[in-house]
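Student: The structure is given below, and queries will be raised subsequently.
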Amino acid sequence: AVCGRGRGAAENIAVYREYDTDNYILQYVADSPALMGICEDTLGNHLSEDEDTTNVLDVWFFDAITLESVLLADLVRYPTLNLIRVGDEWLQFRTATAQTLEENSPYRSKWRISNLTRGTFGTTGEIGSHVADEYATVFTEAVRWFPLDNSDVGETVTIKAVTNGQAEENGQ
């Protein structure tokens, strides 16, 4: 995911995949920024399959965004609703509360998320592995999946994001 501030640029990012040494093929062009930010604190462990009502997480976002609170039944019915990737864990949040940014903050918005459904999409093994200042990305249409072929197993796969006017070899 590329975003408007912080880790990458926003719109018009060409994403290439290397298929052979220095042979890059265009995969897609990102036309909307991802909603990315930095976690203020470490997300605590949660050992139950029940909703995590103990831990809360404050996220400073690189762009001004809006999040919404939903019902638990909505999360059950729509598995990508309020889905966020924190480090290597996918989780859903039921409650989102806007927070006041600190004076002179380089970020554009701050949200506190709580009432969490942890370890979704097979990431239960990542629940206890969080560190400070992890990146968080809200799942939107800007988050793209790159399918791997059977021939990719055990191989290094290189994906590059190239901004408008940048040469492929200079992409990140």
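Student: With the checklist (1) surrounded by 20 or more Cβ atoms within 10 Å (Cβ to Cβ); (2) closer than 13 Å to S114 by Cβ in hand, flag the one item G37 doesn't pass.
Tutor: All conditions pass for G37, except number (2).
Student: Checking A96 against (1) touching a residue at least 24 places away in the same chain (Cβ under 8 Å); (2) open to solvent by less than 80 Å² (accessible area, probe 1.4 Å); (3) out of contact with any Ser or Thr (no Cβ under 9 Å at 6 or more places or on another chain), only one condition comes out false. Which one?
Tutor: (3)
Student: Does A132 satisfy the criteria of being in a loop (DSSP other than H, G, I, E, B), closer than 20 Å to I38 by Cβ and touching an Asp or Glu at 6+ places or on another chain (Cβ under 8 Å)? Walk me through how you get there before you give the answer.
Tutor: On the way: in a loop (DSSP other than H, G, I, E, B): yes; closer than 20 Å to I38 by Cβ: yes; touching an Asp or Glu at 6+ places or on another chain (Cβ under 8 Å): yes.
So A132 fits the description; yes.
Student: Moving on to the next point. In region 70-87, which residues are buried (at least 18 other Cβ atoms within 10 Å of the Cβ) and over 13 Å from the mean Cα position of the chain (by Cα)?
Tutor: V70, L75
Student: Contact list please: Cβ distance under 9 Å, first residue in region 13-33 and without any contact (Cβ under 8 Å) to a residue 60 or more places away in the chain and of a type outside the set (D, E), second residue exposed (fewer than 15 other Cβ atoms within 10 Å of the Cβ) and outside any strand (DSSP E or B), pairs at least six apart or on different chains.
Tutor: V29/E11; V29/N12
Student: Among (1) under 22 Å from I127 (Cα atoms); (2) aromatic (F, W, Y); (3) over 15 Å from the mean Cα position of the chain (by Cα), where does W60 come up short?
Tutor: The failed condition is (3).
Student: Related question: Residues to consider are T137, T117, T158; find the one that is open to solvent by less than 50 Å² (accessible area, probe 1.4 Å), at pLDDT 85 or above and closer than 19 Å to V29 by Cα. Don't jump to the end; show me each part of the working.
Tutor: Details: T117 fails: closer than 19 Å to V29 by Cα; T158 fails: at pLDDT 85 or above.
Exactly one residue qualifies, and that residue is T137.
Student: While we're here: Determine, yes or no, whether L148 is over 17 Å from the mean Cα position of the chain (by Cα), assigned to a loop (DSSP other than H, G, I, E, B) and under 19 Å from C39 (Cβ atoms). Walk me through it before giving the result.
Tutor: Numbers: over 17 Å from the mean Cα position of the chain (by Cα): yes; assigned to a loop (DSSP other than H, G, I, E, B): yes; under 19 Å from C39 (Cβ atoms): no.
Here the answer is no, as L148 does not meet what is asked.
Student: Quick test of your reading of the structure: W90 fulfils all but one of (1) surrounded by 18 or more Cβ atoms within 10 Å (Cβ to Cβ); (2) in contact (Cβ under 8 Å) with a residue 60 or more places away in the chain. Name the failing condition by number.
Tutor: Among (1) surrounded by 18 or more Cβ atoms within 10 Å (Cβ to Cβ); (2) in contact (Cβ under 8 Å) with a residue 60 or more places away in the chain, W90 violates only (2).
Student: Please go through region 120-129 and give me each residue that is open to solvent by 20 Å² or more (accessible area, probe 1.4 Å) and either farther than 21 Å from A73 by Cα or more than 15 Å from the chain's Cα centre (by Cα) (or both), ordered by number.
Tutor: Step one: list which residues in region 120-129 are open to solvent by 20 Å² or more (accessible area, probe 1.4 Å), which gives 120-122, 124-126, 128-129.
Passing the criteria: G122, T124, G125, E126, G128, S129.
The values are calculated or read from the model by the stated rules, or taken from the named source; none is laboratory data. Being a predicted model, the structure only gives us computed values, none of them experimental. So basically every Cβ, Gly included, is an ideal-geometry build from the backbone, and we count neighbours across all protein chains shown. When the accessible area is computed, the model is the full protein with side chains, heavy atoms only, and any ligands, DNA or RNA have been set aside. Shrake-Rupley method; radii C 1.70, N 1.55, O 1.52, S 1.80 Å.
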